[in-house]
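The values are calculated or read from the model by the stated rules, or taken from the named source; none is laboratory data. Treat the numbers as computed from the prediction; the structure is a model and nothing was measured. Note that we place each Cβ from the backbone using ideal geometry, even for glycine, and neighbour counts take in every protein chain shown. For the accessible areas, the whole protein counts, side chains as well, though only heavy atoms, and no ligand, DNA or RNA atoms are used. Shrake-Rupley method; radii C 1.70, N 1.55, O 1.52, S 1.80 Å.
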Amino acid sequence: MKEFMEQIECAQTIGITGHIHPDGDCIGSCLALRQYISEKYPEKQTDVYLEPISDEFLFLSGAGQILTIPKNEKYDLFFVLDCSSEDRFEPFSSLVRNADTVFCIDHHISNQGMGNYCTADPKASATCEVLCDLIPLEEVSLKCAECLYTGIVHDTGVFKHSNTTKKTMIYAGELLEKGIHHSKIIDETFFQKTYVQNLALGRALLNSRLFCDGTIICSGLSQEELDQLGAVPSDVNGIIDQLRVTKGVETAVFLYPLKNGGVKVSMRSNGKVNVSSIAQEFGGGGHILAAGCTMFGSFEQIEKQLLPKIKEQL
Ligand code: AMP
Ligand code: MN
Ligand code: MN
């Protein structure tokens, strides 16, 4: 906390970024940190860089000022949130490399450290929870609390995943006390789906196949299927969670195409399989029960590589 405060105090220009395909925790943590710094030090320049975010997060303070294209600027301090490897924040990696000081704040077990300072707490449910450790709660405003709460809600699946601890709930309670509209945040950013998102979920469920006596479920959506539905990559968020709750399933795998020609692999485990170790074998990472990586080849070829690794652990 001391270094976190000192580094912010010393810097005049501060950049903040998170991972590609930003999720609720990534967006929430970047905007919470920007909000905190800009309220405490209005004279400092604080810029958030992220890929375009989904509409449901646009109500968060500062969402409208997110930069999607790197400025030609050398920052005194750059925060990298909710990720730690350059390929995960690739659009902005040169900005991070050029910064005088890099500070990483994360909660992934696969984080092996990055930058000049790194706080990665694998016991924390979300990067927003790690921020609650670093920012004095009495200095958290309503706008900052909305961002932090959104991040915690998303990474815990609304306080349902096994990463939810007593500490998570205590912080969530503190944030509620700031006056946030918690049920609106949960409904409108987590549960509400657009018609297209529901169609994508339906198609993915129809495409799904069971392996290993129903303990593994695999599904995917091809580019043609996404185009047919008029869906974009962020429309598939949440599909993997529905696959995981299929009765009898231990491990769920969901595949969809990335812009670079690769395939995004999302994996979830109900406990028996450490999906982070499998994702790491293929250059990705994440948490024991929720991890991902990028692979190349057809869906069938990718499944052929993943299934033996999952079976081995089962
Ligand atoms: P996802 O399946 O994209 O929701 O990701 C599950 C978890 O794994 C998240 O915490 C991600 O940050 C992490 N993750 C996903 N893809 C990658 C990757 N290619 N490299 C490292 N971590 C990843
Ligand atoms: Mn994330
Ligand atoms: Mn996270």
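For first residues located in the range 9-20 and within 23 Å of Pro52 (Cβ to Cβ), partners that are among the aliphatic types (A, V, I, L, M) and within 14 Å of ligand 2 (Cβ to nearest atom) and lie 6+ apart or on another chain with Cβ distances below 8 Å form the pairs Ile16/Leu81; Thr17/Leu50; Thr17/Val80; Thr17/Leu81; Gly18/Ile27; Gly18/Leu50; Gly18/Val80; Gly18/Leu81. Residue count for the range 255-270 under the criterion of being touching a residue at least 60 places away in the same chain (Cβ under 8 Å) and buried (at least 24 other Cβ atoms within 10 Å of the Cβ): the result is 0.
Residue by residue, here is whether (1) within 16 Å of ligand 3 (Cβ to nearest atom); (2) in contact with a Phe, Trp or Tyr (Cβ under 9 Å, 6 or more places away or on another chain); (3) closer than 22 Å to Glu56 by Cα; (4) modelled with pLDDT of 95 or more holds:
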{"residue": "Arg209", "(1), (2), (3), (4)": "no, no, no, yes"}
{"residue": "Gly220", "(1), (2), (3), (4)": "no, yes, no, yes"}
{"residue": "Gln223", "(1), (2), (3), (4)": "no, yes, no, yes"}
{"residue": "Pro233", "(1), (2), (3), (4)": "no, yes, yes, no"}
{"residue": "Val236", "(1), (2), (3), (4)": "no, yes, yes, no"}
{"residue": "Phe254", "(1), (2), (3), (4)": "no, no, no, yes"}
{"residue": "Asn274", "(1), (2), (3), (4)": "no, no, no, yes"}
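In the range 73-88, the residue that is surrounded by the fewest Cβ atoms within 10 Å (Cβ to Cβ) out of those that are acidic (Asp, Glu) and in a loop (DSSP other than H, G, I, E, B) is Glu73.
State all residues of the range 157-179 that are touching a residue at least 24 places away in the same chain (Cβ under 8 Å) and assigned to a helix (DSSP H, G or I); if no residue qualifies, say none.
Lys167, Thr168, Tyr171, Glu174, Leu175, Leu176
Have a look at Ile27, Ile20, Ile8 and point out the one that is within 16 Å of ligand 3 (Cβ to nearest atom), open to solvent by less than 30 Å² (accessible area, probe 1.4 Å) and in contact with a Phe, Trp or Tyr (Cβ under 9 Å, 6 or more places away or on another chain).
Going through Ile27, Ile20, Ile8 in turn, the sole match is Ile27.
Checked against (1) over 23 Å from Gly18 (Cβ atoms); (2) part of a helix (DSSP H, G or I); (3) open to solvent by less than 80 Å² (accessible area, probe 1.4 Å), His154 meets all criteria but (1).
Table: residues versus (1) over 18 Å from the mean Cα position of the chain (by Cα); (2) closer than 20 Å to Asp241 by Cα; (3) buried (at least 22 other Cβ atoms within 10 Å of the Cβ).
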site: Cys147; (1), (2), (3): no, no, yes
site: Leu176; (1), (2), (3): yes, no, no
site: Ile180; (1), (2), (3): yes, no, no
site: Phe190; (1), (2), (3): no, yes, no
site: Cys212; (1), (2), (3): yes, yes, no
site: Glu224; (1), (2), (3): yes, no, no
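Picking from residues in the range 285-312 that are over 21 Å from Ser222 (Cα atoms) and touching a residue at least 60 places away in the same chain (Cβ under 8 Å), the one that is surrounded by the fewest Cβ atoms within 10 Å (Cβ to Cβ) is Lys311. The set of residues in the range 257-287 that are over 20 Å from Gly238 (Cβ atoms) and aliphatic (A, V, I, L, M) comprises Val273, Ile278. In the range 37-62, the residues that are farther than 18 Å from Thr189 by Cα and at pLDDT 95 or above form Cβ pairs under 9 Å with partners that are of a type in the set (D, E, K, R) and outside any loop (DSSP other than H, G, I, E, B), at six or more places apart or across chains, as follows: Glu39/Glu139; Glu39/Lys143; Lys40/Glu139; Tyr41/Glu9; Thr46/Arg34; Asp47/Arg34; Val48/Arg34. The residue of the range 119-145 that is nearest to ligand 2 (Cβ to nearest atom), among those that are within 16 Å of the chain's Cα centre (by Cα) and farther than 30 Å from Asn98 by Cα, is Ser125. Can you name the residue in the range 97-118 that is within 16 Å of ligand 1 (Cβ to nearest atom) and not in a loop (DSSP other than H, G, I, E, B) and, of all such residues, is nearest to the chain's Cα centre (by Cα)? Going through the qualifying residues, I end up with Asp106. Among the conditions (1) touching a residue at least 40 places away in the same chain (Cβ under 8 Å); (2) open to solvent by less than 10 Å² (accessible area, probe 1.4 Å); (3) within 13 Å of ligand 3 (Cβ to nearest atom), Leu95 misses just one, which is (3).
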